[in-house]
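Report on the structure given below.
The values are calculated or read from the model by the stated rules, or taken from the named source; none is laboratory data. Only a predicted model underlies this, so the values are computations on that prediction, with no experimental measurement involved. Note: ideal-geometry Cβ built from the backbone for every residue, glycine included; neighbour counts use all protein chains shown.
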Amino acid sequence: MTLQQPTTQSTTQSTAQRTAQRTTQRSSRVLVVWCADWPVAVALAAEDKPRHLPAAVFGGAAGAHLVQACNASAREFGVRRGMRRRDAQARCPELLVLAADEARDARAFEEVLAALERLRPGVMPLRPGLVALRSPARYYGGEPEAGAAIAEAVVSLGVWDVRVGIADELFTAEQAARTAALQETYVVEAGGSARFLRRLPVSVLDDPDAVSLLQRLGLPTLGHLADLPGTDVRARFGPQADWIRRVVHGGGVRPVAGRTPPPDLTCEVSFEPPLVSAETVCFSAKQTAERFVAQLGERQLVCTEVRIEVETEGAVGVASERRWLHPRWFGAGDLVDRLHWQLVGTLRAGDVRAAVTTVRLAPEVVMPESVHADGLWGGTDARVERGVARVQGMLGHEAVVAPVLQGGRSPADRQAFRPWGDRAEALRDRSLPWPGSIPPPAPCRVFAEPRPAEVLDAAGRPVAVLPRGGVSGEPARFRVGEREGWQPVAAWAGPWPVTELWWETDGGRQVARFQLVGVDGRAWLVTYDSSGDGADRWVTEAAYD
């Protein structure tokens, strides 16, 4: 007995250690929630389109014509990420073309993050549509049960395509989520990450060049990559491939760092008894508007887009809701003005038929105050901003627009109009070469509708642009409008020919632009338009005043 006592004690200790180790492993397991094709789902919801339609999101700036994301319906036709727009539309003519908006995707994903934080605090958003958290398996009685509860919470928000993966560390859990079926959970057993990862294709690497090189070298899976020497992998395929190789070997573990939930910046005020006058409601909501601005100021933030909700007596839900934008940022007076205009407009329209019980101010877009700090010479007059916002409140948000500069060949193409207060997005890149564009300086006036023009040579014959870009004769006289008289040409430059929409069946549109200076000193931008149907004509696009 004296010899068996230590053995029993050591056996008990080793059993306790193994149990504690399993408990520690179980408690530190990672759960990843993947909302597949999130940018496409959010864009379809924003445009109120059915989610079963084939759709793709195309990026902005230099990637304006490349597929950033597409849904399953589009992939059935062969549409893939990185594909050019015309190639994607050639494979799927019914493809819905959607614009990328990272801010919109992030705002929509906040609702998912808030729902997950109610179930398990400490979520770690990786990007819109992908989030990680520590597995709450002990609370729900098992990992499949925890995944089912998480998926149910996300589906209740209207997110249909959700998948859950659970593993020992983050990268494996993400790949497990991508392997899972629709609204299902894929569980990688404890200690089984290496076996699971080794059979995955190298295409899971987010590096197209490294993937292409590995496939051409005959290394199709992560297992083949893991069998290579570490120094060679890092030197030949880059740091990401080397990190994944270490993950397969049990290293490179990335911990789940839970985020700090954002503060609730929404402010509201309730009225008891309810108020029936718009002026009384605005006066009573003034302190709430000041508190709204003050709490943003304490965090060195400003609000550029706000949602104002009005609840009324006897109504179910929100009786009046409107999003307001500001070209700079909202102050307390701006918020009260918008509330008044909203109340007056909805009362006249008949949307609000009862006394007001609650007014709620919810920030939609907040930014650091340094971004919108006044410049050295000031900015737009506050009275102008209030007047413009009031016109928008009466006539609609699109009633007042402001021009912004974008890339393009003609002066008209370089203009884009955005509603006053909106941030300019999805603009053509000005840094691209734009062959056929006119050199600086840019014209001062661009006509909304080009004016008819005539250009003659010294013999009085109309000047024409030849197919190879030459001219039939040097411009000698011109007239830039029906009300303008003829005048001699003092100087001219050009042509700058360009063929637009050449891939269309009708041959597209061929134009050549000239700069003409008259003897009176005025300069004009005139264009020879050859549409290919014999209707060649001269027009005046802009003036250099």
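Of note:
- Checklist (1) closer than 28 Å to Cys70 by Cβ; (2) in contact with a strand residue (DSSP E or B) (Cβ under 8 Å, 6 or more places away or on another chain); (3) surrounded by fewer than 21 Cβ atoms within 10 Å (Cβ to Cβ) applied to Ala137, failing item: (1)
- Search result, residues across region 346-362 that are surrounded by fewer than 21 Cβ atoms within 10 Å (Cβ to Cβ) and modelled with pLDDT of 80 or more: Ala355, Thr357, Thr358, Arg360, Ala362
- Taking the criterion of being of a type in the set (Phe, Trp, Tyr), in a loop (DSSP other than H, G, I, E, B) and in contact with a Lys or Arg (Cβ under 6 Å, 6 or more places away or on another chain), the only residue of region 465-503 that qualifies is Trp486.
- Residue in region 43-53 that is under 23 Å from Asp429 (Cβ atoms) and surrounded by fewer than 17 Cβ atoms within 10 Å (Cβ to Cβ) present: no
- The numbered conditions (1) under 17 Å from Pro411 (Cβ atoms); (2) free of Cβ contacts under 8 Å to residues at least 60 places away in the same chain; (3) assigned to a strand (DSSP E or B) are all true for Pro440 except (3).
- You will find that of Leu343, Leu339, the residue that is closer than 27 Å to Arg107 by Cβ, at pLDDT below 85 and not assigned by TED's automatic domain parsing to the domain that holds Ala114 is Leu343 and no other.
- Filtered residues of region 286-323 (kept if crowded, with 16+ Cβ neighbours inside 10 Å, in a loop (DSSP other than H, G, I, E, B) and touching a helix residue (DSSP H, G or I) at 6+ places or on another chain (Cβ under 9 Å)): Ala319
- Checked against (1) modelled with pLDDT under 80; (2) exposed (fewer than 14 other Cβ atoms within 10 Å of the Cβ), His372 passes all but a single condition, namely (2).
- Residues satisfying the stated conditions in region 50-90, i.e. under 18 Å from the mean Cα position of the chain (by Cα), assigned to a loop (DSSP other than H, G, I, E, B) and free of Cβ contacts under 8 Å to residues at least 24 places away in the same chain: His65, Arg81
Matching residues to (1) more than 26 Å from Ala190 (Cα to Cα); (2) in the same structural domain as Ala362 (by TED's automatic domain parsing); (3) touching a helix residue (DSSP H, G or I) at 6+ places or on another chain (Cβ under 9 Å):
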{"residue": "Leu96", "(1), (2), (3)": "yes, no, yes"}
{"residue": "Phe109", "(1), (2), (3)": "yes, no, yes"}
{"residue": "Glu117", "(1), (2), (3)": "no, no, no"}
{"residue": "Val131", "(1), (2), (3)": "no, no, yes"}
{"residue": "Arg134", "(1), (2), (3)": "no, no, yes"}
{"residue": "Ile150", "(1), (2), (3)": "no, no, yes"}
{"residue": "Val159", "(1), (2), (3)": "yes, no, yes"}
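- Among residues of region 511-545 being at pLDDT 85 or above and outside any strand (DSSP E or B), the one that is nearest to Ala412 (Cα to Cα) is Arg522.
- Of the set (1) over 34 Å from the mean Cα position of the chain (by Cα); (2) more than 30 Å from Val159 (Cβ to Cβ), all apply to Ala190 but (2).
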